[in-house]
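> Sending over a structure as C-alpha cells; questions will come in a sec.
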Amino acid sequence: MDTSIEQRVLAQLNEREIIELAGDLVRIPSFCPDETPVARFLAGYFETRGYDVELQEVEPGRFQTIATLRGTGSGQSLMFNGHLDINSLMLGGTRDPWTPIVEGRRLYGHGVQNMKGGVAAMIAAAEAVRRAGVTLRGDLVVACVAGETQGGEGTHHLIQLGVRVDGAVLPEPYGIDHLVTVHGGIVHFAIHTYGVTGHISQVEKTVHAIHHMTRVIDALKNVRFTYKPRPDLPALPRLNVGSVIGGRGSTYVLTEPPYVPDLCTAIVDVHFVPGQTVDSILADIRRVLEPLREADPQLQYEIEVPPPAFFKGRRRLVMEPVDVPTDAAVVHSVARNHERVTGRAPKSVGTLLPLSYSAGDACWLWRAGVPCVYYGPATGFQERGPDGSYILIDEMVSAARVLALTALDFCGVRG
C-alpha cells in the first residue's frame, strides 16, 4: 500500500478529539437496557459526517447505532464492533462517575473501561479514514451495539437481520499487546425455592423459602461438571451465585419481615468450555440438588433458563465458547498493523488469561461465520474499587492508529 495514504490517514487522528469523544460517551449513562440515549447521540454524530446510519431497534424502544462507510464493492468488508452498555457501579466510589477527568495519562469515568474508550478508538479510526478522503474498496461497518453484558443482544440482533462482513475487530479492554481469539461460554439461570408463608406467630405452620435456598447454595459448592478439560482454559468451568432475593409473592415483597417468605430466587452464572451444553450443565446442577428434595419433601426448587423477565437487564441469551483460527486474515491484519504502529510484535495471539475465561460478542459473529478478533486498549477493567474506571490514553490512541491501518489493509484502497 502507498505509505503516503497511510500517513495521511494517521495524521487525522487527534488525541484531544479521541479523549473528548470518549468523555462525551461517559457523560451519557447506558446501563442495560437503557442504551438508547447514547445510541441516538452517536447516530447524530455519524449522520453529520456523511455515514450511512441505521438506528436498529433491538426491542421495542431500545436502539443501537450501525454506521457504514461505503466502499466501492470490490474489497473485503470489515466491522468494528463495540458495545454501548456498561457495567454496574460498585460501592465506595469517590468520583462523579459521569464526569470524565484526565489525570496523568489516564482518562477516568464510569463505562470508559468497558468499553466506551474502545468505542471511541474504533470511531476515531473510521473518522481518520473518512477525513483523509480515502475511499475503501470494501465497506467499513462501525457497529455500536446494545446489550453485550446481557449476552450480546445487539450483535445477536444484527446477525439475525442478516448483516455479514468478511472480518471483525472488537476493541474490548484486553490491552493492545494481545490479540484474543479464544474465550469460554456463559449461561445464566435462576433457581427458585418455594415456601409457605405465614405470620411469625404461627411459624410452625410455615415453610421458609430463604432457609431452603441456603441449603441449595451450599449444595452448589459441590457441583462437579461433566466436561473435557481445555488446557488453555484450565480454570473452567466455573459457577457463581451472583445474587439472591427472597420475599413474599411473585414480586418478592421485602417490607413485611413478620411474615415468612414463600419465594427465594438465586441468579446463577456458569462459565463453561467447548463441549458443554446448557442441558449437560443443568443435569450436573440437578445431580446435587435432587438429594436435597429426596431428603426433605418440603424443599421444592425450580430451575429457569433464562432468568425471568422480572429482572431488568437479565441475560437472556447463552454465549457459546469461541475459538477463531489464529491464521484468519483479520487476525493477521491486526497483528501486522500492531507491529507497524508499536514497533513490536503482539505478546500473545489466541488465549489471554484470565480474560478468556469470560465471553463477548465474538460468539455471535463467529457463529455466523465471521472471523473476528478482540483487540483493544488496556483499562482498569480488572482492578477492584472505584479507581478501576479508567482507560490508558496512550493505548486508546495507539488502538485507533492500528484500527485505522487495519481498515486500509483489510478493506483495500481504491487506486
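Values in this text are rule-based calculations from the coordinates and carry no lab data. Note that the structure is a prediction, hence the values are computed from the model and not measured. Every residue, glycine as well, gets a Cβ built from its backbone with ideal geometry; the counts of neighbours run over all protein chains shown.
> Would you work out the charge dipole size for region 84-181 about its Cα centre, treating the Cβ of every Lys and Arg as +1 and the Cβ of every Asp and Glu as -1, and quote it to the nearest 20 debye?
Dipole of region 84-181, to the nearest 20 debye: 300 debye.
> Same structure again: With a point put 7 Å past each Cα toward its Cβ, work out how far Glu304 is from Ser348 in nm, to one decimal.
3.8 nm
> Running a GNM on the chain with Cα contacts under 10 Å, which residue among Thr68, Thr94, Thr351 ends up with the highest mean-square fluctuation?
Fluctuation is largest for Thr94.
> Now, a different point. Two decimals is fine: what's Rg over Rh for region 104-157, C-alpha atoms, Kirkwood radius as Rh?
1.07
> Under 5 Å between amide hydrogens, which residues at least 5 positions from Cys32 or on another chain qualify, with H placed 1.01 Å from N in the peptide plane?
Long-range HN contacts for Cys32: Ile86.
> Using the crude model of +1 on Lys and Arg Cβ and -1 on Asp and Glu Cβ, and no other charge, please compute the dipole size for the chain relative to its Cα centre, in debye to 20.
So the dipole magnitude of the chain works out to roughly 360 debye.
> How large is the dipole of region 42-124 about the Cα centre if only Lys and Arg carry +1 and Asp and Glu carry -1, each at its Cβ, rounded to the nearest 20 debye?
Computed about the Cα centre, the dipole is about 360 debye.
> Considering only Leu405, Val165, Leu25, whose Cα is most displaced toward the positive end of the charge dipole of the chain, charges sitting on Cβ of Lys, Arg (+1) and Asp, Glu (-1)?
Final value for the positive-end residue is Leu405.
> Shape call for region 91-131 from the C-alpha gyration tensor, a ≥ b ≥ c root eigenvalues: rounded (a/c under 1.5), prolate (a/b greater than b/c) or oblate?
Because a/c hits 1.5 or more and a/b exceeds b/c, region 91-131 counts as prolate.
> Using θ = phi - 60° and the Karplus form 6.51 cos²θ - 1.76 cosθ + 1.60, what ³J(HN,Hα) does each residue of region 285-296 get, whole Hz, x for Gly and Pro?
Each residue of region 285-296 in turn: 5, 5, 4, 9, 8, 4, x, 5, 5, 5, 7, 9 Hz.
> Sort the following peptides by mean Cβ neighbour count (other Cβ atoms within 10 Å, averaged over residues), highest first: 371-380, 224-233, 169-178, 20-29.
371-380, 169-178, 20-29, 224-233
> Assign one of three labels to region 285-334, namely rounded, prolate or oblate, based on the Cα gyration tensor with a ≥ b ≥ c the square roots of its eigenvalues; rounded applies when a/c is under 1.5, prolate when it is not and a/b is larger than b/c, and oblate otherwise.
Oblate, because a/c is 1.5 or more while a/b does not exceed b/c.
> What number, in percent, do you get for the relative contact order of the chain if the mean sequence gap of Cα pairs under 8 Å and at least 6 apart is divided by its residue count?
25 percent
> What FRET efficiency, computed as 1/(1 + (r/R0)^6) with R0 = 35 Å and r the Cβ-Cβ distance, is obtained for Arg316 and Arg414, rounded to the nearest 0.05?
That pair, Arg316 with Arg414, gives E of 0.25.
> Note down the net charge around Cys32, summing +1 for each Lys or Arg and -1 for each Asp or Glu among other residues with Cβ under 13 Å from its Cβ.
Charge balance near Cys32 sits at -1.
> May I ask for the angle, rounded to the nearest 10°, between helix 15-26 and the longest principal axis of the chain, with both axes built from Cα atoms and the value confined to 0 to 90°?
Approximately 30 degrees, to the nearest ten.
> Follow-up question, since we're still on this one. When Lys and Arg each count +1 and Asp and Glu each count -1, what net charge do the other residues less than 13 Å away from Gly117, Cβ to Cβ, add up to?
-3
> Can you tell me the order of 352-358, 180-186 when each peptide is scored by its average per-residue count of other Cβ atoms within 10 angstrom, highest first?
180-186, 352-358
> Using the Cα gyration tensor of the chain, with a ≥ b ≥ c the square roots of its eigenvalues, what is the shape: rounded (a/c below 1.5), prolate (a/b larger than b/c) or oblate (neither)?
prolate
> Let me ask you something else. Determine, for each peptide in 187-195, 139-147, 211-219, the mean count of other beta carbons within 10 angstrom over its residues, then list the peptides with the highest first.
139-147, 187-195, 211-219
> Continuing with this model, one more query. With a sphere of radius 13 Å drawn around the Cβ of Leu408, what net charge do the other residues whose Cβ falls strictly inside it have (Lys, Arg +1; Asp, Glu -1)?
+4
> Rounded to the nearest 0.05, what FRET efficiency do Ile200 and Asp2 have when you use their Cβ-Cβ distance and R0 = 56 Å?
Approximately 0.10, to the nearest 0.05.
> Name the residue farthest towards the positive end of the dipole of the chain from the options Tyr252, Ile123, Gly376, assuming +1 on Cβ of Lys and Arg, -1 on Cβ of Asp and Glu, about the Cα centre.
Gly376
> Among DSSP beta bridges lying fully in the chain, give the percent that are antiparallel, nearest 5.
Of all bridge pairs located within the chain, approximately 75 percent are antiparallel.
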